[in-house]
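Report on one structure; see the data block that follows.
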């Protein structure tokens, strides 16, 4: 899998570092290997953090709901011969619970990999996700899309969508904001996303020592693609986080 592949690559880089002589071209290669290893370590840690989050969501959501379904079914079965009306009511409750869980599973699948990203592209998927996020949280998300809607290279669409997910998620988890203004600009040369909230704000310098891998990965990936990443925030005045990458249709 991806993790084992990255771990093997990391081990190879560590061997290169340990065998380097620290002089001339060896020093340059060692510096490059260190940089690559740091990037790989960040990706591995981010993957594990995301897997843990998904595991908790599955346990607390669908897995718990299925356990409740079994209990509700047993209750309804026992009531059938004793109180048919009560059994019917229990079955109605079971149906409603199942419908609610079904919708949660659909949302869960959409978060993992929205099929419409492959079918319809970036702009419709971002729009749909913003609407769903607004319904599922207390945040008032206002999204504006400018520029020409078109398809881009798949890896660019995935990177931007995942970054948008992370930015909205961070806002909901940490900012104490009540509203968010998001802007997706599909320019002829660059794709730019900004997320502006009215939350408590923070000191951008803290991110250098923070364990928050999400924003670090967005910066890393944007810069790897030849783009940039910016944070404009002060404590008590909300935050504006934006990034851009070259547009490759």
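The values are calculated or read from the model by the stated rules, or taken from the named source; none is laboratory data. Please read all numbers here as calculations on a predicted model, not as lab measurements. Positions of Cβ are generated from backbone atoms using ideal geometry, with glycine treated the same way; all protein chains shown enter the neighbour counts.
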- Message: Out of everything in the stretch 218-249 that is surrounded by 20 or more Cβ atoms within 10 Å (Cβ to Cβ) and part of a helix (DSSP H, G or I), what residue ends up being modelled with the lowest pLDDT?
- Response: 221
- Message: Kindly evaluate residue 149 against the criterion of being assigned by TED's automatic domain parsing to the domain that holds residue 240, exposed (fewer than 15 other Cβ atoms within 10 Å of the Cβ) and within 16 Å of the chain's Cα centre (by Cα).
- Response: no
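So in the stretch 97-123, with the set limited to residues that are over 30 Å from residue 70 (Cα atoms) and touching a residue at least 24 places away in the same chain (Cβ under 8 Å), which one is surrounded by the most Cβ atoms within 10 Å (Cβ to Cβ)?
Per the stated criteria, the residue is 122.
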- Query: Can you name the residue in the stretch 78-136 that is touching a helix residue (DSSP H, G or I) at 6+ places or on another chain (Cβ under 7 Å) and outside any helix (DSSP H, G or I) and is also modelled with the lowest pLDDT among such residues?
  - Reply: 114
